[in-house]
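**Student:** The structure's right below; bear with me while I get my questions together.
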Amino acid sequence: MFKHVLFTLIFSIISQYSYGQDGFKIGPSAYLVRGGAIPVDDLPFNYNTRYRAGFGAGLTMRYGFTPFFSMSAGAFFVSKGYKIFNDTNRNGSVLKRNLSNFEIPLNFHFLIKRMSKTEARLVLGGTICNNITASSKTLSNKNGTFIVKENFKHKIYPMLNAGVEFTRTDKVKNTMVFSFMYRYSLATANELSVFSNPNNNTRDFMSAQRGTYLGIGFTYLFDSRNFRKKEEFFY
């Protein structure tokens, strides 16, 4: 009985793999990101951290094993950063910066629901992020009464991905993808020490930019079978 069930399951998987493949697709991706810094110490009353906008762009490669499961990888340039406010400082109340990163994601896509022409999929995976900004920096307002000193903790760090996407495939099997993705860093990318007195080595508080962000993206995937030269027959 067990062997019969196992054989049926294996045959079903092989059948889906053989006859339900979506095949290899490749195309450009672009998305907007929103991330920032989080306080490590207690925030003084006049300070606060806020989200900082950024962007990402790159190339996505995807292979559909069955109508229900596919896998993707890519290479992306991502600009993400932080923004810190000192609301009572009249000589410059905000310090902000975006850092350049190179990211390599690997994701697994699972069909949730199929609508008329649109499919909703759950996306789970991971990303390796490499901060390619040359060096850490000290930011300051006009008279040096609001200072942020960076200290890169990890220039390469892992992230976990979770999100949802909506796909639509046209008649020639090219696919448009709209996605909402949350990438959570497993390490602190950047420590941020905040000072209000340039002659005092005691910081007001410390914040951390983990590299975590929310992204809203668009991808256009070309079916690789469309690149093949069509056979010509002569009679």
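Just so it is clear, none of the values below were taken in a lab; they were calculated from the coordinates. Everything numeric in this text was worked out from a predicted model, so none of it was measured. Here the Cβ is made from the backbone with ideal geometry for all residues, glycine too, and neighbour counts use every protein chain on show.
**Student:** Which whole-Hz couplings ³J(HN,Hα) result when phi for each residue of the range 194-205 is put into the Karplus expression 6.51 cos²θ - 1.76 cosθ + 1.60, θ = phi - 60°, listed in order with x for Gly and Pro?
**Tutor:** The phi angles translate into 10, 10, 10, 10, x, 9, 10, 7, 8, 6, 6, 6 Hz.
**Student:** Further, regarding this structure: If you filter the range 32-76 for chymotrypsin sites (Phe, Trp or Tyr not before Pro), then keep DSSP loop positions with at most 16 other Cβ within 10 Å, what is left? Write down the numbers at each step before the final one.
**Tutor:** Values: sites: 45, 47, 51, 55, 63, 65, 68, 69, 76; in loops: 45, 51, 68.
Answer in residue order: 45, 51, 68.
**Student:** Okay, moving on. Once amide H atoms are built 1.01 Å from N in the peptide plane, which residues 5 or more positions from residue 174, or in another chain, come under 5 Å H to H?
**Tutor:** Hits under the 5 Å cutoff: 223.
**Student:** Using a cut-off of 10 Å between beta-carbons, work out the net charge of the residues near residue 179 (Lys and Arg +1, Asp and Glu -1, residue 179 not included). Walk me through the numbers on the way to the answer.
**Tutor:** Values: positive: 121; negative: 165.
Residues close to residue 179 contribute a combined charge of 0.
**Student:** If you don't mind, there's one more thing I want to ask. Do the alpha carbons of any pairs in 80/113; 25/80; 83/155; 96/149; 80/142 sit beyond 22 Å of each other, and which pairs? Please report the intermediate quantities before stating the final value.
**Tutor:** Details: 80/113 32 Å; 25/80 28 Å; 83/155 19 Å; 96/149 12 Å; 80/142 24 Å.
Check vs 22 Å cut-off fails for 80/113; 25/80; 80/142.
**Student:** For the range 148-158, what does the Karplus curve 6.51 cos²θ - 1.76 cosθ + 1.60, with θ = phi - 60°, yield as ³J(HN,Hα) per residue in whole Hz, taken in order and with x for Gly and Pro?
**Tutor:** 10, 9, 7, 9, 5, 8, 9, 7, 10, 8, x
**Student:** For the chain, what does -39500 (n - 2.57) per DSSP helix run (n ≥ 4), summed and divided by total residues, give at 222 nm, in deg cm²/dmol to the nearest 500? If you can, show how the numbers build up before the last one.
**Tutor:** Numbers: 1 runs with 18 residues, N = 235.
Computed ellipticity for the chain at 222 nm equals -2500 deg cm²/dmol.
**Student:** Something else about it: Please give me, ordered by residue number, the chymotrypsin sites (Phe, Trp or Tyr not before Pro) of the range 89-130 that lie in loop per DSSP and have at most 14 other Cβ atoms within 10 Å.
**Tutor:** Numbers: sites: 102, 108, 110; in loops: none.
For chymotrypsin sites (Phe, Trp or Tyr not before Pro) across the range 89-130 that sit outside H, G, I, E and B with at most 14 neighbouring Cβ atoms in 10 Å, the list is empty.
**Student:** Net charge near residue 138: determine it from the other residues with C-beta under 12 Å of the C-beta of residue 138, scoring Lys and Arg +1 and Asp and Glu -1.
**Tutor:** Details: positive: 97, 137, 149; negative: 150.
Net of charged neighbours comes to +2.
**Student:** Compare the Cα positions of 167, 202, 63 along the charge dipole of the chain (+1 at Cβ of Lys, Arg; -1 at Cβ of Asp, Glu; about the Cα centre) and return the one farthest towards the positive end.
**Tutor:** Toward the positive end, the furthest listed residue is 167.
**Student:** Right, another one. At q = 0.16, 0.17, 0.20 Å⁻¹, what is the base-10 log of I(q)/I(0) for the range 151-220 according to the Debye formula with one equal point scatterer per Cα and no solvent? Please give it to two decimals.
**Tutor:** Results for the range 151-220 at q = 0.16, 0.17, 0.20 Å⁻¹ read -0.72, -0.76, -0.86.
**Student:** Under 5 Å between amide H atoms, partner at least 5 residues away or on a different chain: which partners does residue 75 have, H built in plane at 1.01 Å?
**Tutor:** Under 5 Å from the amide H of residue 75: 59.
**Student:** Further, regarding this structure: Quick check on the chain: take the gyration tensor over C-alpha atoms, sort the square-rooted eigenvalues as a ≥ b ≥ c, and tell me if it's rounded (a/c under 1.5), prolate or oblate. Let's see the in-between values first.
**Tutor:** Details: a/c = 3.24, a/b = 2.42, b/c = 1.34.
Prolate, since a/c reaches 1.5 and a/b exceeds b/c.
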